[in-house]
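Notes follow the structure.
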Amino acid sequence: MLLLIAGGALFVFKRASGKTAPPIDVAQVSRGDIQLTVQATGTLQATRTVDIGTQVSGTVKRMYVDYNSIVKKGDLIAEIDPQLSEAAVESAEATLDRANIDLGAAKETLETDTRVRDRERDLFEHDLATEQNREAGDLQVAADQAVVDEDKAAVVVATAGLDQAKLTLAFCTIRSPIDGVVVSRNADQGQTVAASLAVPSLYVIATDISNLQLSGQVDEADIGKLHPGQDVTFQVDAYPRQTFHGTMTQVRLNATSTNNVVTYQAIIAVRNPDLRLLPSMTAKLEIHVAQATNVVRVPAAALRFRPTRDIFDALGQTPVQIPSLFNTTLPRTSVPPLPLPSNIAIPTRDSEGNRVIDTKYAATPHPRARADAWVLDQGRLRVVPLIVGISDGTWSELLQGALNPGDELVTMVRVPSKPRLPASPFAPPGRGYGRYGR
């Protein structure tokens with residue numbers, strides 16, 4: 001009985017160790033272009049948006065512009081009913097007039113009392129008046145001078161009140177602070193607005209949307225590849241078959257963390273001469289980091305292939321020892337920056353004229369990585385050490401290695417699964433499954 005079991009097991013092992021070669025998938029080395037990109041999502045927005053409000057309370061007398069209206073700086077766009085403000089101006093003018101009248105009267109009194117004091121002094125010097133009269137004259141002049149000073153201060157206060165009332169009246173006329181287009185209107189004619197607690201919003205005006213900016217959220221793992229001047233292509237759902245272009249201008253330092261995923265905001269300048277792109281559109285963008293033109297390309301799938309012992313056994317081959325680090329002295333080079341569109345300039349200073357840090361970002365050094373590829377040499381696997389550069393996920397740039405276009409590299413060896421040995425009748429049954437189990 002034992003001989004029959006051993007013979008059956010040997011038969012199974014012989015069938016499992018047959019010499020039929022397993023199917024092998026290969027891919028060819030080629031020559032072509034490779035472009036390294038960083039993908040992200042973003043939102044189009046105006047380069048500058050201003051919320052136009054009112055500093056005075058009252059009824060909206062008239063709205064002069066509507067949605068999508070093009071406005072210039074200084075254009076009249078709204079007006080608050082000025083009746084209350086005009087009444088305040090008239091009241092302030094009357095207060096100022098009253099203060100001037102009081103000041104004039106005080107000056108006349110001071111002048112009269114000053115002459116009286118001078119006569120009392122002359123009389124006192126000729127012993128024709130008492131010292132008490134002289135002192136009374138001095139005290140009266142001092143009191144009149146105090147009244148004059150007080151009235152002068154009242155005139156200053158009244159003048160300031162009149163200026164404030166006129167300024168409030170001027171605030172009833174609302175003008176556009178920038179050139180742009182109205183993207184939102186938040187009030188209507190006849191509506192009452194209160195500016196006591198917060199500034200009510202009347203309009204939202206965006207700068208000329210022929211120039212937009214695309215704000216993209218870039219993962220922290222890719223942020224080191226970005227620098228100003230890089231070309232960016234993107235698509236929006238409104239025009240799925242059209243590709244738009246922009247230029248990287250800024251990488252903002254304020255990071256956002258969502259579910260432990262850190263992203264940075266990249267700002268891309270976008271030309272929009274035909275006004276097809278609109279603010280708040282969602283875009284799928286690709287930032288072009290580097291490119292290699294007409295280079296030898298190695299399939300990325302071949303670089304990911306790692307033969308196992310089962311593969312070597314299926315090929316009837318002794319496992320190959322992978323050599324140590326490939327000896328190379330290739331110099332480190334920098335990726336040449338992509339050409340900057342002539343119609344978009346990279347800012348070196350912010351809107352206030354301060355220097356910005358973005359110009360300090362340099363181009364990403366050319367990537368260099370150790371890799372191994374496997375070729376099939378007379379039915380046997382042979383390793384080829386490589387140095388590769390940029391990769392787009394499908395192809396990798398070959399910097400050094402004994403490969404030429406047309407060479408075939410192994411990407412997969414389909415090894416059949418090993419058959420299981422028949423169970424021995426003398427083995428104890430599995431717990432809970434044998435005839436002696438529960």
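The values are calculated or read from the model by the stated rules, or taken from the named source; none is laboratory data. None of the values given here were measured: they were computed from a predicted structure. Ideal geometry is used to build each Cβ from the backbone, glycine not excepted, and the neighbour counts take in all protein chains shown.
Please specify each residue of region 206-225 satisfying the condition of being outside any loop (DSSP other than H, G, I, E, B) and at pLDDT below 90.
Initial filter on region 206-225 (outside any loop (DSSP other than H, G, I, E, B)): 206, 211-219, 223-225.
Ile223, Gly224, Lys225, listed by residue number.
Conditions tested, residue by residue: (1) in contact with a Pro (Cβ under 8 Å, 6 or more places away or on another chain); (2) over 30 Å from Val157 (Cβ atoms).
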position	(1), (2)
Arg31	yes, yes
Gln35	no, yes
Val38	no, yes
Gly42	no, yes
Gly53	yes, no
Val56	no, no
Val60	no, yes
Ile77	no, yes
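Go through region 252-290 and give me each residue that's surrounded by fewer than 19 Cβ atoms within 10 Å (Cβ to Cβ) and within 11 Å of Gln230 (Cβ to Cβ). Correct list: Glu286, His288.
Return yes when Pro228 is buried (at least 19 other Cβ atoms within 10 Å of the Cβ) and in a loop (DSSP other than H, G, I, E, B) and no when it is not. Taking the combined requirement at face value, the residue satisfies it. With respect to the conditions (1) exposed (fewer than 15 other Cβ atoms within 10 Å of the Cβ); (2) in contact with a strand residue (DSSP E or B) (Cβ under 7 Å, 6 or more places away or on another chain); (3) not acidic (Asp, Glu), Leu128 falls short on a single one, namely (2).
Being surrounded by fewer than 18 Cβ atoms within 10 Å (Cβ to Cβ), touching a residue at least 12 places away in the same chain (Cβ under 8 Å), in a loop (DSSP other than H, G, I, E, B) and in the same structural domain as Leu214 (by TED's automatic domain parsing) is the requirement here; does Pro240 meet it? Against the criterion (surrounded by fewer than 18 Cβ atoms within 10 Å (Cβ to Cβ), touching a residue at least 12 places away in the same chain (Cβ under 8 Å), in a loop (DSSP other than H, G, I, E, B) and in the same structural domain as Leu214 (by TED's automatic domain parsing)), Pro240 does not qualify. Can you find a residue in region 76-94 that is more than 30 Å from Gln189 (Cα to Cα) and free of Cβ contacts under 8 Å to residues at least 12 places away in the same chain? Yes: region 76-94 contains one or more residues that are more than 30 Å from Gln189 (Cα to Cα) and free of Cβ contacts under 8 Å to residues at least 12 places away in the same chain.
Yes or no: Thr114 in a helix (DSSP H, G or I), surrounded by 13 or more Cβ atoms within 10 Å (Cβ to Cβ) and either in contact (Cβ under 8 Å) with a residue 60 or more places away in the chain or among the small types (Gly, Ala, Ser) (or both)?
Numbers: in a helix (DSSP H, G or I): yes; surrounded by 13 or more Cβ atoms within 10 Å (Cβ to Cβ): yes; either in contact (Cβ under 8 Å) with a residue 60 or more places away in the chain or among the small types (Gly, Ala, Ser) (or both): no.
No: the conditions fail for Thr114.
Being in contact (Cβ under 8 Å) with a residue 60 or more places away in the chain, outside any strand (DSSP E or B) and among the β-branched types (Val, Ile, Thr) is a property that Ile268 lacks.
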